[in-house]
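The values are calculated or read from the model by the stated rules, or taken from the named source; none is laboratory data. Since this is a predicted model, take the numbers as computed values, not measurements. Glycine also receives a Cβ, built like all others from the backbone with ideal geometry; neighbour counts cover every protein chain displayed. These accessible areas exclude ligands, DNA and RNA; they are computed on the full protein's heavy atoms, side chains included. Shrake-Rupley method; radii C 1.70, N 1.55, O 1.52, S 1.80 Å.
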Amino acid sequence: MLALLLAAKLNTGRMKLTLRILTLFCVLPLVVHAQPLTNELGGGLTPDETMVYKKVPGKVTDLKLHFFYPQGYKKSKSYPAIVFFFGGGWNGGAAGHFYIHAKYLASRGMVAICSDYRTKTSHGALPFQCVEDGKSAMRYVRENARKLGIDPNRIAAGGGSAGGHVAAAT
């Protein structure tokens, strides 16, 4: 913050920019480090429903899909859907990372789903197993689309970091 105050007093735009970037690199790691990778990062939101899509060996045996439904949701209708995969560099993370996005897209008429998958921290998994779980999640959603009120021809996948890779591979 001191750097920003100093930058405001300086006349050169280049010096202001340099000090702002320096401040960003000094402060951002402190903010990021203070937030653990847990479902609490979901903005205090909770899914409308969770269901197990796959059982795996390890400490956490049930891999779940976390569903957010549009207002007035009926399983007899057919909604577009999106499946989100969290990021975490293959090492960790939680489905709650995309709860805010899922809630927003549900408010716009989509069934939004946040998927669990194995990581290095939770299961000693390699990226191959992460992608395998992502494919299993998408396969589960497609195979059960009619029961879930989802149009099987309108299912998107998205994610951040490693989750983006998982989404692209599905």
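Points to keep in mind about this one:
- Applying the condition of being without any contact (Cβ under 8 Å) to a residue 40 or more places away in the chain and in a helix (DSSP H, G or I) to region 108-132 and asking which residue is surrounded by the fewest Cβ atoms within 10 Å (Cβ to Cβ) yields F128.
- When each of A137, A168 is tested for being in a helix (DSSP H, G or I), of a type in the set (G, A, S) and free of Cβ contacts under 8 Å to residues at least 60 places away in the same chain, the lone residue that passes is A168.
- The single condition from (1) modelled with pLDDT of 95 or more; (2) among the β-branched types (V, I, T); (3) farther than 14 Å from K64 by Cα that I113 fails is (3).
- The single condition among (1) over 16 Å from the mean Cα position of the chain (by Cα); (2) open to solvent by 40 Å² or more (accessible area, probe 1.4 Å); (3) under 13 Å from V166 (Cβ atoms); (4) not aliphatic (A, V, I, L, M) that K135 does not satisfy is (1).
- Criterion violated by L105 - all others in (1) within 15 Å of the chain's Cα centre (by Cα); (2) in a loop (DSSP other than H, G, I, E, B) satisfied: (2)
- Test: G89 is farther than 21 Å from T46 by Cα, within 14 Å of the chain's Cα centre (by Cα), in contact (Cβ under 8 Å) with a residue 12 or more places away in the chain and open to solvent by 30 Å² or more (accessible area, probe 1.4 Å): yes
- Taking region 139-163 as the range and being more than 18 Å from A95 (Cβ to Cβ) and either among the charged types (D, E, K, R) or touching a Cys at 6+ places or on another chain (Cβ under 7 Å) (or both) as the test, the residues that pass are R142, E143, R146, K147, D151, R154.
- Restricting region 42-71 to residues that are open to solvent by 60 Å² or more (accessible area, probe 1.4 Å) and over 21 Å from M138 (Cβ atoms), the residue that is modelled with the lowest pLDDT: K59
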